[in-house]
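The structure appears below as structure tokens.
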Amino acid sequence: MLRKIGSLFFILLLLPLISVANDDISLTLKIDSESVSLGEALSLEVELSGARDFDEAPTIHSNGKFELRSSGTTSHMEIINGDVNVKKIFAFTTFPKEKGSFTIGPARIVVGGKSYSSNSVVVTVSEGSALPKQQRLVFCEATVDNLHPYINQQIVYTFKFYSRASTQDASLNLPNFSQFWVEEDTSNTSNRRGNATHKEVVLNGVPWNVSEIQKVIFPTKTGKISLDPATLDLSILLKREGGRSRSLLSAFLGEDYSAKQMSLSTKSFELDVKPLPLSSDGIETKLVGIFVVKSTLSKSSVKQGESLTYTVTIGGDGNIRDINPPALHLPATLKIYEDRPETNLNVTNGKVSGVKIFKYAIVPQEMGEFEFPQVDVTYFNPVTNSYETSTAAKIKINVEKGELSNLNHATPEIVEKKKDVEILGKDLMSIKREVYPFASPILGKHQSVISFSISIIMLLIYFALLVFKRRSDKRSSSGVQLRKDRAFKVFKASVAKIDAKKDSFQEISKCLRIYIGDKLSIDGSALSVSDLPGKLPMISPENFRKVEDILKRCEMGSYGGVANKVTKDELISIVKQLDKEFE
Amino acid sequence: MRIVLLLLLLFALLPIKLFGDDKINHELFFRAHEAYDHGLYDEAITLYPKNIMDGQLLYNLGNFYFKKGEIGNSIFYFKIAKRLIPRDADLNFNLDYARKQVKDSLEDKRSVIHKLVDSSLLSFIDTIIIFTLFSVLFFSLSILLLYFKNEWLIWPRRVCLPLFVLSLFNVYLSYNQQNANFGVVLAANANVYSGVGKGDVVLFELHEGTEFSVNDKIDISEERWYEIGLVDGKKGWIKSASVRTLL
């Protein structure tokens, strides 16, 4: 295995040194189809066999009937029985420019200072597609709704891409609209993605996915204007023929499909843009479409020095952006402050509509009745082929006497453009004069100490409680230990109940026996004097004797014998000594 | 448990004794401000106490020195005030303003942590208080968890733990910054040398108001020298006569 890898590595190292005799060099020109229609593309390959390097890139003779676009270069190498064969393939996408039968080729290339030629191929270019539309997988088309518009008249350019195959890497080049004013369709519909709308249509019983881009364009000059074809480069995914999916992974990775590169184009257009006809009244206007004008005042009466807003709104369908501000002929006693015009456009279904609003702040300086004259807007209506005028009626306003002080300080409703505050000097911020909450240095020091102390105390409390809790848990978990620990407490409680005046031998004996029983985890009530030697080996002989003595005296006293009385103090004393020994 | 309660009570009462109001001579401040208003900056500086570590007082001192035309001293006091009242907008404005008057322009090549700590809006005391709050919260939750195993206590405690550790780290950084020695050039021009010997050369020249950190100090022939470091990484030795340092 290692030897094989070594050989392969050795061959790879030698590859750059392999030279191929120039005698074996050949050049071949290949196309994927001998017939093509206008608007479709051919795939063309120039294969250089027998050489890897070349002096000049191949040139292909096509008599100007085709447009050639390079789509990359690939290299191949084959080693068969020690013979090395190298290939270089230059790929091109070819677009026919006119219909007819044309020869492509020969291709020429210079290798090692020697020129090599390829074969030629004949291609037939038809007007329509070689295939009817319903048999094709993709096609595109462009339309213009009016080839003879007036200058500034809105027309609609529509590009449609029809597809019934999966596509990828699409790149669209629309014509250059440099001689037009362009408005994009901005309508927000559910089937819009980016600047295109998508829908499904059925043509002759065949369903298609259609992507549509619409642009509203306004020609800005008269005469012949040509619109170049729109081109769309894309790859369509075709299912590989023969065989099932190799694996789920290959299906997941899309290896069951091959991509076929295509280039589609639409037809070009030539527009004949007409100038607007001369008006009999000598009126000149740039507006083409249908427009309406109206004017309003924010108040019907006002006092001297007060302000009001005069609004002129011009709206309609057409070249809204070309609307100029109306000429205002107002008395000099009305101060006018002009605001920036506001344009609201709406482009929907290939139609530009909207309004342009002009606002003026008016401040009357004198009292009396004033009249805002009527506003006329003249436009050319391409539907009726005539000039029309929309008129906003005149408006009267009554100015009453106002306060004189307002006259010089009147504030228009529309504020003039703001100016940056002028910096006249620079300085520090002022000193602090408020009541001083000065603190002594010791305060700061102790503040940190106190804070830290609180933290440490919390830590200590936590650990103390943790230790306490663990011990408590341990005790709870062991009943024997608990019984041992509580033995003395139980004993003390029992002794406290004994009546000292009476002869209570039995009670005293019981208390002692139960105490010993608790300490030894046995049943103390069943303990007898004879059991003691075996049960209390850990007790000192002296204390053992004392315990034995007490129990014997109690036994004798209980059964009527003469015995010395056992006092509570004597009992507690001996049990305390026992407790120490048990600990 | 009784001991714990007793300790808590003791600490609750402690601040009452420690936080007693110190007597401050307000009249002195009033006179100093009056002198300042009349442009008598020397008098205002003389009247102001210099040993009280109070942010507002030090801020005012910085203003007095600035008005007097001593940018170095002004920056010195503003910087100390910033350690105490780092969020004061007036102080930050004045410190920036004073720094703009300094001739030397230095590119700050310090680490991000250094820059963050330097521009922190928390004083050392603030960091301690935050740490205390988190520690109290964390240990309170821990104590409650000893007796009540409750989901509503476990998660807050888990959240509190990293905050508690971070706040402790913040205290550490703030402590280092609080105790870092720094200085400001007071002389119009000051040479920075490669060493303190006679044969050592002048590395660069600093101007009034330039700030530096003090790495070391040495006394030679009754003259003190500081080893200083600039934010752009330059280092050297400077005579104490031309600078003012914190420690």
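What follows is calculated from the coordinates using simple rules that are stated; it is not laboratory data. Being a predicted model, the structure only gives us computed values, none of them experimental. Cβ: placed from backbone, ideal geometry, glycine included. Neighbour counts: every protein chain shown.
In chain B, the alpha-carbon atoms span a convex hull of 182 Å³ per residue.
Modelled spin labels at A:Glu400 and A:His61, positioned 7 Å past Cα toward Cβ, are 9.6 nm from each other. Along the axis of the charge dipole computed for region B:28-153 (Cβ charges of +1 for Lys and Arg, -1 for Asp and Glu, origin at the Cα centre), the listed residues B:Phe139, B:Tyr48, B:Asn94 are led at the positive end by B:Phe139. The Cα trace of region A:502-575 gives Rg and Dmax of 11.6, 33 Å, the first to one decimal, the second as a whole number.
In this structure, A:Asp376 and A:Val144 have a Cβ-Cβ separation that, at R0 = 25 Å, corresponds to a calculated FRET efficiency of about 0.15.
Checking the a/c ratio against 1.5 first, then a/b against b/c, what shape does the Cα gyration tensor give for region B:38-98? Oblate, since a/c reaches 1.5 and b/c is not below a/b.
Working from label points 7 Å from Cα in the Cα-to-Cβ sense, the A:Asn346 to A:Ile522 distance is 10.5 nm. Of A:Phe66, A:Ser43, A:Ser33, which is farthest towards the positive pole of region A:32-156's charge dipole, taken about the Cα centre with +1 and -1 on the beta-carbons of Lys, Arg and Asp, Glu respectively? Towards the positive end, the residue furthest out is A:Phe66.
Which loop chymotrypsin sites (Phe, Trp or Tyr not before Pro) in region A:499-583, with loop taken from DSSP, have no more than 16 other Cβ atoms within 10 angstrom of their Cβ? Don't jump to the answer; show the numbers that get you there.
Details: sites: A:Phe505, A:Tyr515, A:Phe544, A:Tyr559, A:Phe582; in loops: A:Tyr559.
Here the sparse-neighbourhood loop sites are A:Tyr559.
Above 12 Å, the calculated P(r) of region A:308-362 contains 66 percent of its Cα-Cα pairs. When the P(r) is computed for region B:182-245, the part past 15 Å accounts for 42% of the Cα-Cα pairs. Gain on full extension, evaluated as 0.36 nm per residue between A:Asp549 and A:Ile456 minus their Cα-Cα distance, stands at 27.9 nm.
Screening chain B for DSSP H helices whose Cα atoms reach 15 Å or more along their own axis and whose mean Kyte hydropathy is at least -0.5 gives B:2-18, B:55-68, B:71-84, B:124-147, B:151-178. Residue order for A:His198, B:His33, B:His26, A:His329, fewest other beta carbons within 10 angstrom first, comes to A:His329, B:His26, A:His198, B:His33.
Could you work out the per residue convex hull volume over the alpha carbons of region B:124-178, in cubic angstrom? Each step should come with its number before you reach the end.
Details: hull volume 2.8 nm³, N = 55.
Per-residue hull volume (Cα only) is 52 Å³.
With each label modelled as a point 7 angstrom along the Cα→C-beta vector, the A:Ser33-A:Phe463 pair spans 8.7 nm. Taking the Cα centre of region B:182-245 as reference, the dipole from Cβ charges on Lys and Arg (+1) and Asp and Glu (-1) amounts to some 20 debye.
Remark: mean inter-chain Cβ contacts per residue of B:118-129 equal 2, using a 10 Å Cβ-Cβ cutoff to other protein chain atoms. Taking every Cα-Cα distance in region B:141-220 and sorting them into 10 Å bins from zero, the calculated P(r) comes out as 14, 24, 17, 13, 12, 11, 8, 1 percent.
Averaged over peptide B:132-143, how many Cβ atoms belonging to another chain are found within 10 Å of each residue's Cβ?
Values: counts 9, 3, 1, 9, 5, 1, 4, 10, 3, 1, 7, 7.
Mean shielding count: 5.
Where in region A:43-66 does the label zone of A:Thr73 land, with the point 7 angstrom along Cα→C-beta and an amide N cut-off under 12 Å? Once the point is set 7 Å along Cα→Cβ of A:Thr73, A:48, A:52-59 turn out to lie under 12 Å by backbone N, inside region A:43-66. You can think of it this way: the chain between A:Lys565 and A:Ser268 has 93.4 nm of extra reach, that is 0.36 nm per residue less the Cα-Cα gap.
Efficiency by 1/(1 + (r/R0)^6): what FRET value for A:Arg483 and A:Met556, r their Cβ-Cβ distance, R0 = 30 Å, to the nearest 0.05?
Details: r = 30 Å, r/R0 = 0.99.
So the FRET efficiency works out to roughly 0.50.
Taken over region A:301-396, the percentage of Cα pairs per 10 Å bin, counting from 0 up to the bin with the maximum distance, is 14, 40, 28, 14, 4, 0.
Along the axis of the charge dipole computed for chain B (Cβ charges of +1 for Lys and Arg, -1 for Asp and Glu, origin at the Cα centre), the listed residues B:Tyr172, B:Ala81, B:Ala190 are led at the positive end by B:Tyr172.
Within region B:71-133, none of the chymotrypsin sites (Phe, Trp or Tyr not before Pro) combine a DSSP coil assignment with at most 14 other C-beta atoms in a 10 angstrom radius. Averaged over the residues of peptide B:48-54, the number of Cβ atoms from other protein chains lying within 10 Å of each residue's Cβ is 3. Summarised as an ellipsoid, region A:447-500 has semi-axes of 40, 17, 5 Å, derived from the eigenvalues of the Cα gyration tensor scaled by 5 and square-rooted, with the largest first. Over region A:18-126, all Cα pairs binned in 10 Å intervals from 0 give whole-percent P(r) values of 14, 45, 27, 12, 2, listed from short to long.
For region A:323-399, the list of trypsin sites (Lys or Arg not before Pro) that fall in a loop by DSSP and count at most 11 other C-beta atoms within 10 angstrom reads A:Lys394.
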